[in-house]
Each structure stands twice: as C-alpha cells, then as structure tokens.
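Chemist: This structure is in structure tokens; I'll ask about it shortly.
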Amino acid sequence: MKEGTIMKIHYITGLAALLTVAIHIMMRVVVPFSVSLEYENVVANYQNILYALLLESVLILISIHGFNGLRVMLLELRQSDKWEKFVTLFTLIAMIAVIAYGTRTIIIVSGQSL
C-alpha cells in the first residue's frame with residue numbers, strides 16, 4: 001500500500017476515533033461518575049449491544065491509529081526496505097493481537113459465548 005494511502009487511513013481513523021470517544025464520554029456524563037464505575041453498571045453497559053459496538057469501534061479505531069503512528073515513528077529512526085518490512089509486519093501483528101484480545105474481553109463481559 002502506498003504511504004499516502006496509509007497516511008489518509010491514519011487521518012481518517014484519528015478523526016473517527018475522536019468522534020467515537022466523544023460519543024462514549026457523552027454516554028458516561030448521563031450517569032454520575034461514581035455510580036458509573038459500580039460493577040453492576042459496568043456489566044450492564046457491556047450487555048447493551050449498542051454500547052458494546054461503540055467500545056469495539058473505539059478499540060479498532062484507536063488501535064489502527066496508534067499502531068500506525070508507532071510505525072511511522074519507527075520508520076523515522078532508520079530507512080531501509082528490510083527495516084520497513086519488519087516494522088510494518090511487527091505493528092500489524094501487534095495491532096491484530098490487541099484488537100483480538102480487546103474483542104475477546106468485550107464478548108466475555110457482554111455475556112456472549114465465543
């Protein structure tokens with residue numbers, strides 16, 4: 001994939017993450033902060049399918065944006081084809097692992113079966 005396309009994805013995921021995190025915060029403002037952290041309320045939030053999808057969106061968008069940012073920083077350290085392939089593969093595998101683990105957590109807490 002061309003670097004210009006990768007940077008467009010980076011900018012789009014940054015803006016989309018900003019929007020989804022803003023929605024997430026607005027949903028938290030409805031309930032007093034101390035009450036929203038009680039175990040029953042946290043589990044109830046995860047069992048709400050719309051909220052679980054919002055959390056999944058935040059997870060995916062921030063993971064893509066963050067790991068692509070890390071990739072860009074690491075590529076600034078050294079420039080070579082071998083290094084670029086290694087860094088790209090490393091960040092891609094790490095991103096997939098984080099998304100998979102986060103998705104697993106959201107599914108388990110929401111009470112769905114794997």
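The values are calculated or read from the model by the stated rules, or taken from the named source; none is laboratory data. This is a predicted model, so every value here is computed, not measured. Backbone-built Cβ (ideal geometry, glycine too); neighbour counts: all protein chains shown.
Chemist: Just wondering, is there one or more residues in the stretch 35-44 that are closer than 22 Å to GLY102 by Cβ, in contact with a Gly (Cβ under 9 Å, 6 or more places away or on another chain) and assigned to a helix (DSSP H, G or I)?
Modeler: Yes, the stretch 35-44 contains at least one residue that is closer than 22 Å to GLY102 by Cβ, in contact with a Gly (Cβ under 9 Å, 6 or more places away or on another chain) and assigned to a helix (DSSP H, G or I).
Chemist: Still on this structure: Just for the stretch 59-89: of the residues that are touching a residue at least 40 places away in the same chain (Cβ under 8 Å) and surrounded by fewer than 17 Cβ atoms within 10 Å (Cβ to Cβ), which one is farthest from the chain's Cα centre (by Cα)?
Modeler: VAL72
Chemist: Test of understanding: among LEU19, LEU15, which residue is of a type outside the set (Ser, Thr, Tyr), modelled with pLDDT of 95 or more and farther than 24 Å from MET73 by Cα?
Modeler: Checking each option against the conditions leaves just LEU19.
Chemist: Report the residue count in the stretch 1-58 for those that are β-branched (Val, Ile, Thr), closer than 25 Å to LEU70 by Cα and free of Cβ contacts under 8 Å to residues at least 12 places away in the same chain.
Modeler: 2
Chemist: Listed residues ILE62, ILE93; which is assigned to a helix (DSSP H, G or I) and either touching a His at 6+ places or on another chain (Cβ under 8 Å) or farther than 23 Å from LEU15 by Cα (or both)?
Modeler: ILE93
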